[in-house]
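Below you'll find the structure, written out as structure tokens, and then a few comments.
The values are calculated or read from the model by the stated rules, or taken from the named source; none is laboratory data. Fair warning: this is a prediction, and the values are worked out from it, not measured in the lab. With ideal geometry, Cβ positions are generated from the backbone for all residues, glycine too; neighbour counts draw on all protein chains shown. Ligands, DNA and RNA are excluded from the accessible area calculation, which covers all protein heavy atoms including side chains. Shrake-Rupley method; radii C 1.70, N 1.55, O 1.52, S 1.80 Å.
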Amino acid sequence: MEESELKDILLTLVEPNRNSRTDHVPADVNGWRFPSGGGGVGGDDNNIIEDQYQQPVCFWTGVTCDPIDGSITGLNLGKGFYANTLLGISDPSQEAGDEGENQQSNRALVVEQYDYEIDLHKKRHIGSSSSARAENRRTAAESISPTFSSSIGKLTSLRFLDLSSNQLQGSIPKSVLRLPNLEILDVSSNDLEGTFPHFQSEALRVVDLSKNRFHGRLNDKLFGHPDIGPYTAPYLFPLVKFDISHNGFNGTIPLSGTSGFYNSDSKREESLQNLQYFDLGYNLFSGTIPNNFGQFEKLQGLFLEHNRLVGTVPKAIFRGSGMGARPLPLVQLFLEQNSLSGTLNEGLATLPNLKELYVDGNKFTGVVPDELCTAELNSVFLDDIRASRGCDGICCPANSASREGVAPCTPCPNDGGFHRYMGQHATECYGSMNEEEILDLFFEQTHGDEWLDSSYLWEKGSPACRRKGVECDVAGAGQVTKITLPSLGLRGPLVTELGFLSKLRVLDLPNNQLTGFLPSDLRFLPLEHLDIRGSRVQGVVPPLLCIKEGVNGDGIGPPGVDFNLLYACENIICPRGTYSSIGRASLPENEGEEGIQCLPCYDDQATLYMGRNECTDISIAGVHIRTADVRRGMTKSIPVVLALAFLAVLSRMKLSGRKSLARTSPRNENIDVDDHGHADDGHADDGHEDEDPSPLRLSSLSLQPLTQLWTFAIKEKAQVQSDDDWTAGYSESHSVRPGKKLVELPEVKSQLPDVS
């Protein structure tokens, strides 16, 4: 590319300066000026401006070139240099704390060629400082802010791009995403929007999208998948740092199962083996912590704080995974402010390099193991370094609290066990709640004054047992045993305080508009029946609730029932992407029966929420078409549907003829026909023995163009190691009960966790 072309591309970044009467660019900055005839820039200093323009582009400040061919390989315009220095846009946020928030550390990779440091150390935020910084960025974005120039994508030789802290708005241009040689991309601390971008470079070592407005789910195949697809990251092997913290990403962490680069001989992943820093903190991720983190042999920093994760901490994090596994070289492990449960495993103390471990703000019970108490952790964060030599330095004990959930901790006297979890956050201990107060809170949070039947309106402070829909153990202490509020328009979350209704056996809330997540606190109740079907509850069932015997018959079945069915999250509620008539699975009452299963469903509601009790899919000749796609016009005309129906009739006629021929023709006397009309000539099966007997076989009818009209949900079988934590590593329930299947779902090995 010619020198003049390169200059034209770079000057598009400072296009707002073209007609300015003043020179925004400081005198000590080389280049980045328009030629003197290009506008009024510089006033009477046209000669100086012209001299700056005439400088070779490789001498411009922030520009790095290849010493051989002179192509531009790096743009170091980060830390506000582009917006503040080149464009003269002031930064109203004054985020001095953002720039220097990471402590100086020897855990950094210096890229001297671009004068850039890959920082592999993170400093824990204190209190609400993070949200305050985010608000500052929003304030800055409301002022005049630049957009991400698509012209950068013309620099196809670009390997390094730093545009951090420049108040950039909009999205990352597709031309930039297509850069084939990009190794380092840092666009942190801007105001960029959109879903996770699809990079095409196979050389990416650093992806830093932190502190922006990105949102949405991460593609299931982002980090690899048995079926490597178009959205699989091509940079799985060189990636060193992956940081998407402080955004709005949601869904589960797509690291379950194998990546497609799984070595079955060594039982190890071969991808992401250079990964040292993985940060998903301050997002909206739900589900469990995947076991696959144990595969990343060089991982030094794992940051999952301030999300909605449930389950236990997988043993793979401190054991490693695969043959010859060793503990990970973790230095920092941030898990605070989630909904993780169970107990802290002393195995975390075997991590040889661990310096910081934060687990406060979760739902851990028990005590901190002595092995962790004496490890002198978290000294860089604690006000009193002496606290790092005690258990309070990890998290405050149960029945106590502190502002940050760690030392110094304040005991909570006479709270009746209300602070049952370790590491609770509070400026002061608040007293326990009685049953009336818990019901009042539940009424308020579910918008009780808007319930559809006014006879159910509960008066605040009224006796619990006199409220409509509430039943109590009259013969005992008069405690609440049953709450029944069906189809009343309840709107809002299930409050965690319900877990303190110590005698509650029935929680019957079907066909409401409940939102949020299923609280793991329910595992402490003597629940026998839980029904929240038809609601809008997201996430996954807390794993420790999945293995609680007795809830909806969980763990109770006839002799010989499959263990994977006996203890299954589907017995509590159908997972996302499935449905049943009762919103959950049900174990058979007698041996030989099938019970009720959660079947796949592809409509929009099922993909978002658990516990669906209906599915609005259309099934034509065994092919599933989503009604949402029909409404959007993806199925263009009635003739298409009629054609599918006609082909279905032909398929059935052909099948009936084959069945008749098999039964009457002497030439087929060795062919058996099963009850569905399938002919068995003794050859190996084709893998469809469980399918509907009359599906339209698209491949045999050459309907490839029509396959684009609908969506198939085909999931691969996940390989599960015997030492994986069932309560930690699987964010979605994949097991499907025996019987008629719409698609084949992965078989997941169910295993009781070690929660002692």
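Quick notes on this one:
- Average silhouette area of region 321-411, convex hull of alpha-carbon atoms, in square nanometres: 6.0 nm²
- With a Förster radius of 35 Å applied to the C-beta separation of Glu346 and Ser264, the computed FRET efficiency comes to 0.65.
- ³J(HN,Hα), Karplus 6.51/-1.76/1.60, whole Hz, each residue of region 530-545, x for Gly, Pro: 9, 9, 10, 4, x, 9, 10, 7, 10, x, 10, 6, x, x, 6, 7
- Calculated accessible area for region 283-351 comes out at 25 Å² per residue, all protein chains present (probe 1.4 Å; ligands, DNA, RNA ignored).
- Residues with amide H under 5 Å from that of Gly287, placed H, sequence gap 5 or more: Val310, Val540
- Solution diffusion estimate, µm²/s, Stokes-Einstein, region 426-584, Kirkwood Rh from C-alpha pairs, 4 °C, viscosity 1.567 mPa s: 79 µm²/s
- Above-threshold pairs, the threshold being 32 Å between Cα atoms, out of Lys154/Lys241; Lys79/Lys154; Lys79/Lys315; Lys79/Lys363; Lys174/Lys267; Lys154/Lys355: Lys79/Lys315; Lys79/Lys363; Lys174/Lys267; Lys154/Lys355
- Annotation: amide H of Arg533 within the under-5 Å range of Asn511, sequence separation 5 or more or interchain, hydrogens built in the peptide plane.
- Qualifying trypsin sites (Lys or Arg not before Pro) in region 277-371, where qualification requires a DSSP coil assignment and no more than 14 other C-beta atoms within 10 Å, comprise Lys298.
- 3J(HN,Hα) along region 339-353: 10, 5, 9, x, 10, 7, 8, 5, x, 4, 6, 7, 5, x, 10 Hz, from the Karplus curve 6.51 cos²θ - 1.76 cosθ + 1.60 with θ = phi - 60°, whole Hz, x for Gly and Pro.
- Region 191-331: relative contact order as a whole-number percent, Cα under 8 Å and 6+ apart: 20 percent
- Kirkwood estimate for region 399-481, i.e. one over the average of 1/r between Cα atoms, Å: 14.9 Å
- Using a Förster distance of 56 Å, the FRET efficiency for Glu471-His215 (Cβ separation, nearest 0.05): 0.85
- Amide proton proximity set for Arg268, modelled H, under 5 Å, gap of 5+: Asn263
- Fully extending the segment from Tyr231 to Ser4, taken as 0.36 nm per residue of separation minus the present Cα-Cα distance, adds 78.1 nm.
- Phi-based couplings in Hz for region 198-208 (Karplus 6.51, -1.76, 1.60; Gly and Pro marked x): 9, 6, 10, 6, 8, 10, 4, 9, 10, 10, 10
- Convex hull volume per residue, computed on the Cα atoms of region 223-368, equals 102 Å³.
- Rounded to the nearest 0.05, the FRET efficiency derived from the C-beta distance between Ser581 and Ala27 at R0 = 56 Å is 0.15.
- Stretch gain in nm, segment Lys123-Gln200, where the contour uses 0.36 nm per residue and the Cα spacing is subtracted: 24.6 nm
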